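Enquirer: Can you keep this structure in mind? I'll have questions shortly.
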Amino acid sequence: MLTEVTGTRYVTPLREGGSVPGLIEADDLGTYVVKFIGAAQGRKALIAEVIAGELARRLGLRVPDLVRFHFDPVIALGEPDQEVQDLLKASGGLNLGMDFLPGSLGFDPLVFDVDPAEAGRVIWFDALIGNVDRSWRNPNMLVWHKDLWLIDHGASLIFHHSWRGVDQAAGKPYDASDHALSRFSPDITAAAAALAPRVTPELLREVTALVPDEWLADEPGFESPDEVRRAYEKVLAARAGSVHERIELAPEQKEKQPPPEWLRTWVEGKAAK
């Protein structure tokens, strides 16, 4: 089970994304980016965050630690924005927290370099989970201590928004032509060879078991949370073996243009802190 913490001080809303997560301190003295159950995307965004994030971690990709975050809206009564207040009031109870990475920088493909092996692993993983939210416009990656970290997987596993079409989800292609890492000559073949054999039934059961029952309960068409878990596992297991054959990259990739030296030096200095 994911570590459980309780919020103690609401710091500020984060307005970069549509879900308006909050930066909150917790009783373990940690600071977390909290995604709320009361956001428009609802519990399915949190389910996707857990399954995708914890699967990525077990495949050797860097993801901030996830925690079960208990939140009492009373600690945020001083928040002046009424829209944010409404969100917080609708999110009492169990939410999802992601470890805050202080001093991290948003990934910019024109500034940071990524080797083909790592680019291939990230794109293969995004194809596996059907992540539609890692474009160059919105990379959803951070650079922290010069390493690449993956964040924001709430828009993945989109098949769970309509289980009636789940049988087609396993064979769905993945368009990576707009992916933030597509310009780095990603080695998809090597990534598939290294990662696909690791996506075992045992691993998938371990990951789906981390999703709280209350987020899976009362799902239409399913009799129990465990039945929903098996449905996620079935799709991911089916995709893992052959999804690399359906990853669509742009036929011609643009030449990488190095940033000005002063910009690279400044960014690397910030990322190292």
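Each reported figure results from applying straightforward, stated rules to the coordinates on display, with no laboratory input. Note that the structure is predicted; figures quoted are calculated from it, not measured. Reconstructed Cβ throughout: ideal geometry from the backbone, glycine too, with neighbour counts over all protein chains shown.
Enquirer: Determine the principal axes of the Cα atoms in segment 47-144, then give the extent along each, sorted from largest to smallest and rounded to whole angstroms.
Expert: 47, 27, 23
Enquirer: What is the dipole size for the chain, taken about its Cα centre, with +1 at each Lys and Arg Cβ and -1 at each Asp and Glu Cβ, in debye to the nearest 20?
Expert: Numbers: 29 positive and 42 negative charges, 100 e Å.
Its charge dipole is roughly 480 debye.
Enquirer: Here is a follow-up. Cβ under 15 Å from K35's Cβ, K35 left aside: what net charge do those residues give with Lys, Arg +1 and Asp, Glu -1? Walk me through the numbers before you get to the answer.
Expert: Values: positive: R15, R43, K44, R68; negative: E16, E49, E54, D65, D99, D133, D152.
Net local charge, K35 excluded: -3.
Enquirer: Under 16 Å Cα to Cα from K44, which aspartates and glutamates show up? Leave out anything in the same chain fewer than 8 places away.
Expert: E54, D133, D152, D213, E214, D218, E219, D226, E227, E233
Enquirer: Using Cα springs under 10 Å in a Gaussian network model of the chain, which residue among G97, G154, G42 shows the largest mean-square fluctuation?
Expert: With Cα springs under 10 Å in the chain, the top fluctuation among G97, G154, G42 is at G42.
Enquirer: Between D65 and D133, how many nm apart are label points set 7 Å from Cα along the C-beta direction?
Expert: Here the modelled spin labels are 2.4 nm apart.
Enquirer: When the label point is put 7 Å from the Cα of F222 along its Cα-to-beta-carbon vector, which residues of segment 159-174 have a backbone N closer than 18 Å?
Expert: It comes to 159-170, nothing else.
Enquirer: Considering only the chain, what is the antiparallel percent among its DSSP beta bridges, to the nearest 5? Display every interim value, and only then the final one.
Expert: Details: 26 of 31 bridges.
So the antiparallel bridges in the chain amount to around 85 percent.
Enquirer: Which residue, V67, F100, S135, has the largest displacement toward the positive end of the dipole of the chain when charges sit on each Cβ (Lys, Arg +1; Asp, Glu -1)?
Expert: The residue sitting most towards the positive pole is S135.
Enquirer: Pick the calculated percent of Cα pairs over 24 Å apart for this structure from [x] 48; [y] 56; [z] 51?
Expert: Looking at percent of Cα pairs over 24 Å apart for this model, the match is [z].
Enquirer: Here's a follow-up. Taking the DSSP beta bridges in segment 4-99 as the whole, what percent of them are antiparallel, to the nearest 5? It would help to have the intermediate numbers written out before the result.
Expert: Numbers: 19 of 22 bridges.
Of all bridge pairs located within segment 4-99, approximately 85 percent are antiparallel.
Enquirer: Please list, or write none, the aspartates and glutamates whose alpha carbon is within less than 13 Å of the alpha carbon of K89, excluding same-chain residues fewer than 8 places away.
Expert: List returned: D72, E79, D81.
Enquirer: Something else about it: I need to check one value: relative contact order of segment 58-199, counting alpha carbon pairs closer than 8 Å and at least 6 residues apart, in percent. Walk me through the numbers on the way to the answer.
Expert: Numbers: 177 pairs, mean separation 42.1, N = 142.
Reported as a whole number, the value is 30 percent.
Enquirer: Take the Cβ-Cβ distance between E16 and D113 as r, set R0 to 25 Å, and report the resulting FRET efficiency rounded to the nearest 0.05.
Expert: Values: r = 24 Å, r/R0 = 0.95.
Here the calculated transfer efficiency is 0.60.
Enquirer: What is the calculated FRET efficiency for L23 to T189, with r their C-beta to C-beta distance and R₀ = 30 Å, to the nearest 0.05?
Expert: 0.15
Enquirer: Using only helices, what value at 222 nm comes out for the chain when you add -39,500 (n - 2.57) per DSSP H run of length 4 or more and divide by the total residues, to the nearest 500 deg cm²/dmol?
Expert: Values: 9 runs with 91 residues, N = 273.
My calculation for the chain gives -10000 deg cm²/dmol from helical runs alone.
Enquirer: Could you list which residues have their amide H under 5 Å from that of T8, counting only those 5 or more apart in sequence or on another chain, with H placed in the peptide plane?
Expert: Under 5 Å from the amide H of T8: E25, A26, D27.
Enquirer: Using Cα-Cα distances under 8 Å and only pairs 6 or more residues apart, what relative contact order does segment 34-132 have, in percent? Walk me through the numbers on the way to the answer.
Expert: Details: 83 pairs, mean separation 33.4, N = 99.
Relative contact order for segment 34-132 comes out at 34 percent.
Enquirer: Still on this model: Along Cα→Cβ, 7 Å out, is where each label goes; now give me the distance between the ones at K89 and T3 in nm to one decimal.
Expert: My value for the distance between the label points is 3.3 nm.
Enquirer: Then there is this: Using the Cα centre of segment 1-119 as the reference point, and only Cβ charges (+1 on K/R, -1 on D/E), how large is the resulting charge dipole? Debye, rounded to the nearest 20.
Expert: Working: 10 positive and 18 negative charges, 80 e Å.
Rounded to the nearest 20 debye, it is 380 debye.
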